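Report on one structure; see the data block that follows.
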Amino acid sequence: MVNTFRRNIRLGLGISLAVLIISSAASYISIRKLLESDYWVDHTFQVIQELDNIISRLKDAETGQRGFLLTADPVFLEPYNGSKEDIGDLIDHAQLLTTDNQVQQKDFPYLRELIENKYVFINTTIADRKRGIPVTERKLLEGKAIMDHIRSLIRVMEQRERQLLVSRTSKMDTFATFTPVLILLASFIAVIITFAFYRRMKNNMAENERLQEILEQKEEMTEKNIKVISDLAEQISKGNYDVRIRDSDFE
């Protein structure tokens, strides 16, 4: 009986521990995947932001160029000054962020080439204006064509990132929904197992108490019978041979 009781305890604890380990591992994996998905969503936003910043900084350079071409006042070149270095840093960062995306990586050399061409154009027009050479409409259209190519390329690169964003956001939402459900399910299972284990333990203890009570009753009856027999033997030893044992003496 003791062995059965111990075996039930070991079985209950073993099942509870196994469920705890499995649910904890599943929750850990799910939470880790959720954090990983969140990281990649944020990562995609960073890439899109850097690509937007490249266009924005290039527009600043264009604004400075146009102001100078119209007025010949160097103060208008302030947005232009240092813009090339800033754009170079932005491209470096965007390229670093997309090292996992070979398709994006292939476009960065072309983007650098286009931007270099754009700055050659800007520098040429500024130099011509300083020398008093008027900028022709054809020249301006040439600059616009370069800028349109840059915008088009960055638009394509951003579109790729947005497609990734949709996929990664969907994945993140899935884990965001699945993780709490998994944790609640694991907790529910743990409660059910604990309750079932408690019921089984309670039933085992009740059965043990019942058997213990029966055993005590038998021991009490055995002691009573032994006393009856001992009394009879004592009476006989004293020469009382008429003494008899009645059935009621053993009840």
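Coordinate-derived values only; no laboratory data. None of these values were measured; they are calculated from a predicted model. Positions of Cβ are backbone-derived with ideal geometry, glycine not excepted, and every protein chain shown enters the neighbour counts.
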_Cα-based reach from Lys227 at 15 Å (exclusive), listing aspartates and glutamates while leaving out same-chain residues under 8 positions away_ = Glu219, Asp247, Asp249, Glu251
*Quote the FRET efficiency, to the nearest 0.05, computed for Tyr110 versus Lys144 with a Förster distance R0 of 22 Å and r equal to the Cβ-Cβ distance.*
0.75
*asked:* Using Cα springs under 10 Å in a Gaussian network model of the chain, which residue among Leu11, Leu20, Leu35 shows the largest mean-square fluctuation?
replied: Leu11
*Tell me, in nm to one decimal, what length is gained between Gln163 and Glu36 on full extension, where the rule is 0.36 nm per residue of separation less the Cα-Cα distance?*
44.0 nm
*Please give the calculated 222 nm ellipticity per residue for the chain, where each DSSP H segment of at least 4 residues contributes -39500 (n - 2.57) and the sum is spread over every residue; nearest 500 deg cm²/dmol?*
-32000 deg cm²/dmol
*If you project the alpha carbons of the chain onto their three principal axes, what span does each projection cover, largest first, in Å?*
155, 28, 21
